[in-house]
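Asker: Below is the structure I would like to discuss, written out as structure tokens.
Nothing in this text is a laboratory measurement; each read-out follows from the coordinates by a stated rule. From a predicted model like this one, the values you see are computed outputs, not experimental measurements. Backbone-built Cβ (ideal geometry, glycine too); neighbour counts: all protein chains shown.
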Amino acid sequence: MIAATSVVAAPRLARAQNAAAAAMFDDGDRLMKEGKLSEACDAFEGSNKLEPRAGTMIRLGECREQNKQLASAWSAYKDSLTRVKDPKKKAIAQAKVSELEPKLSYLTINVPDASKLSGLAITRNDKAVDAVLWNRSVPVNGGELVIVARAPGRADWTTTVLVPYEKGKVTVDVPVLAEPTPAVTKVDPTLPVQTEPTKTDPVVPERTTEPVDHPSTFTTKRKIALGVGGVAALGVVGGILFGKKAQRLEDDAYALCPDPATPCGNAAGAQGKLSSAQDKALFANVAFGVAGAAAIGAVVLWFTGAPDTAETSVAIVPSTHGTTFAVTGRF
């Protein structure tokens, strides 16, 4: 009974995703006609995430191009070529790639060897720039770009550059990050300098401390937390494996029938792979859910299972004002 329900539910979920993708695509068309290009591009991108299609990527490229995001448009057209089957759409995408490529602007972030400090991280408009892109000319959209370099124990370095929308070539050189300047306390010279009176150190007798057994860091709760953490790790691994399997099955299905709207001789095989992909995707979601719950439980158990390390001692301390009875320790 459960197996039959899963077989029926998978196609329904696929149809629901297809319907949502189509609705977002229609929203993108409407927003473009209203001149709301940024929102339209987001709608096309969302539609493509739900149901990757060459036609959607081409439409996204047209939207980015109208929004003066030539590098993003060029990238969308190129991505569509990896999925397109229709010769007409392929010709359109290839023509757009060839048309936009000479117009692209490029940014080069030069990082000399002397500047490659341990832990160096570079961002462009708050997005990380992978180290493989350093010292390379990379296509970027025109506009203002904020480049930030950070490294542990060093002061941040920031610069802002303006990249032309077309045919621009901008280079940024990252210097050796400076060490942070220590804070300096200013003293008002008009104020009198205060000196402390000379003190006689009191005689401090030996202090007897009751021996305290220091409990192990790994209490019972913390041992359980480690076990629960292991379950979380297994859940993440399982989710990744099932997710990758689902993606491969979906790609195989689209390879058999590229366009669901066109009759296909391999429809049964494609539908079978889509159904299997949905099952694997469901298993992946369950595995990630279990991993998340286990991770939260492990953290709670770890911090609530901290050992009690309080230590007390009793001593009689003589002073210039008489004998003092003191109790010291950590509470």
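Asker: Quick one: Lys90 ticks every box in (1) closer than 30 Å to Thr160 by Cα; (2) out of contact with any Lys or Arg (no Cβ under 7 Å at 6 or more places or on another chain); (3) in a helix (DSSP H, G or I); (4) not acidic (Asp, Glu) bar one, so which box is it?
Answerer: All conditions are met except number (1).
Asker: Please go through the stretch 65-83 and pick out each residue that is over 15 Å from Asp29 (Cβ atoms), without any contact (Cβ under 8 Å) to a residue 40 or more places away in the chain and in a helix (DSSP H, G or I).
Answerer: Result: Glu65, Ala73, Ala76, Tyr77, Lys78, Asp79, Ser80, Leu81.
Asker: Assess whether Asn110 counts as being touching a residue at least 12 places away in the same chain (Cβ under 8 Å) and either touching a helix residue (DSSP H, G or I) at 6+ places or on another chain (Cβ under 6 Å) or on the phi > 0 side of the Ramachandran plot (or both).
Answerer: No: the conditions fail for Asn110.
Asker: Pairs needed: first member in the stretch 130-144, free of Cβ contacts under 8 Å to residues at least 60 places away in the same chain; second member anywhere, part of a strand (DSSP E or B) and exposed (fewer than 12 other Cβ atoms within 10 Å of the Cβ); C-beta distance under 6 Å; at least 6 residues apart or different chains.
Answerer: That search, which allows pairs on different chains as well, returns Glu144/Leu162.
Asker: Further question: Would you be able to say whether some residue in the stretch 129-150 is touching a strand residue (DSSP E or B) at 6+ places or on another chain (Cβ under 9 Å) and over 28 Å from Ala76 (Cβ atoms)?
Answerer: Within the stretch 129-150, one or more residues are touching a strand residue (DSSP E or B) at 6+ places or on another chain (Cβ under 9 Å) and over 28 Å from Ala76 (Cβ atoms).
Asker: Same structure, new question: Which residues, taken from the stretch 102-145, are of a type in the set (Asp, Glu) and either crowded, with 18+ Cβ neighbours inside 10 Å or closer than 27 Å to Asn67 by Cα (or both)?
Answerer: Asp126, Asp130, Glu144
Asker: Every residue in the stretch 96-112 that is β-branched (Val, Ile, Thr) and in contact with a strand residue (DSSP E or B) (Cβ under 9 Å, 6 or more places away or on another chain), please.
Answerer: Those that are β-branched (Val, Ile, Thr) and in contact with a strand residue (DSSP E or B) (Cβ under 9 Å, 6 or more places away or on another chain): Thr108, Ile109, Val111.
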